[in-house]
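Right, one structure below, let's go through it.
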Amino acid sequence: MDGGRWGLAIADAAGTGPEAAALTAMVRFSLRALATAEDTPVSVLDKLNRALLGAEVGGLEGERFCTAVFGVLTPGPTSSKVVMAGGGHPSPIVRRASGEVEEIPVGGSLLGVFHGVRFGAAEVTLGVGDTLAFFTDGVVEARRDGVMFGMEGVRAAMENGPVGAVELAQGIEAAVLNHTGGVVSDDLAILVIQGAG
């Protein structure tokens, strides 16, 4: 993006196989193009929703919807600001340098289902040592004997996890696999960013 800003995104496409792969590719490239053309994360998701509903994906059969969070990170000398929008995706969680953990509700509607839907919006400031984690529902809904890992599992993994961004992402994944006994039925995607310093 321009002006030293960074775009960040995580999404989860419906379905499996070639159709899901084609949808994933379309979402990825659309987000990249829209990120440079639109003013806000909400407008990016709005245009992506229109694209999913339009002729641009007419060659795809079956389910053509996804969930997503798209954000813009603006770094500063002592803190960074992340403005984000959500479309039916699990809310990200921030761990402050102090150890406090909080969910950042973004909400919003699924993309590719209805016209004129609303997308959730949120803003968070990351100070030095603060960490923000995004993840797909495969993380939250991972289960063993009917017990889901859940948002509480993610929170616990972040509260007790390592400090570094890469290590924290690996720690969340390890906690999920430990919960399920190493077997997962959905893909796991985790994106972690950390305040500079």
Query raised in the report: Being in contact (Cβ under 8 Å) with a residue 40 or more places away in the chain, out of contact with any Ser or Thr (no Cβ under 8 Å at 6 or more places or on another chain) and on the phi < 0 side of the Ramachandran plot, is that true of even one residue in segment 141-150?
Result: yes
Report summary line: MET158: passes all of (1) aliphatic (A, V, I, L, M); (2) surrounded by fewer than 19 Cβ atoms within 10 Å (Cβ to Cβ); (3) in contact (Cβ under 8 Å) with a residue 60 or more places away in the chain but (2)
Query raised in the report: Picking from GLY127, GLY86, which residue would you name as being of a type in the set (Gly, Ala, Ser) and farther than 25 Å from GLU173 by Cβ?
Result: GLY127
Report summary line: From the option list SER98, SER80, single residue qualifying as free of Cβ contacts under 8 Å to residues at least 12 places away in the same chain, among the hydroxyl-bearing types (Ser, Thr, Tyr) and more than 22 Å from LYS47 (Cα to Cα) is SER98
Report summary line: Note on ASP137: of the conditions (1) acidic (Asp, Glu); (2) touching a residue at least 12 places away in the same chain (Cβ under 8 Å); (3) surrounded by fewer than 14 Cβ atoms within 10 Å (Cβ to Cβ), unmet is (3)
Query raised in the report: Which members of segment 126-141 meet the condition of being under 15 Å from GLY87 (Cα atoms) and not in a helix (DSSP H, G or I)?
Result: PHE134, PHE135, THR136
Requested in this report: Please enumerate the residues belonging to segment 142-155 that are buried (at least 16 other Cβ atoms within 10 Å of the Cβ) and part of a loop (DSSP other than H, G, I, E, B).
Outcome: ALA142, PHE149
Requested in this report: For segment 25-125, please list each of the strands (runs of 3 or more DSSP E) lying entirely inside it that holds at least 2 residues being surrounded by 14 or more Cβ atoms within 10 Å (Cβ to Cβ) and hydrophobic (A, V, I, L, M, F, W, C).
Outcome: 66-75, 79-87, 93-95
Requested in this report: Return the only residue of ALA133, ALA142, ALA97, ALA121 being touching a Phe, Trp or Tyr at 6+ places or on another chain (Cβ under 9 Å) and of a type outside the set (S, T, N, Q).
Outcome: ALA142
Query raised in the report: Limited to segment 11-24, what total is found for residues that are part of a loop (DSSP other than H, G, I, E, B) and either touching a Gly at 6+ places or on another chain (Cβ under 7 Å) or surrounded by fewer than 13 Cβ atoms within 10 Å (Cβ to Cβ) (or both)?
Result: 2
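When you go through LEU168, LEU177 one by one, which is the residue that is within 15 Å of ALA97 (Cα to Cα) and part of a helix (DSSP H, G or I)? Break it down stepwise before answering.
Details: LEU177 fails: within 15 Å of ALA97 (Cα to Cα).
Just a single option satisfies the conditions, and that option is LEU168.
Rule-based calculations on the coordinates, nothing more; no lab input. All figures in this text were calculated on a predicted structure; none of them were measured in a lab. Every residue, glycine as well, gets a Cβ built from its backbone with ideal geometry; the counts of neighbours run over all protein chains shown.
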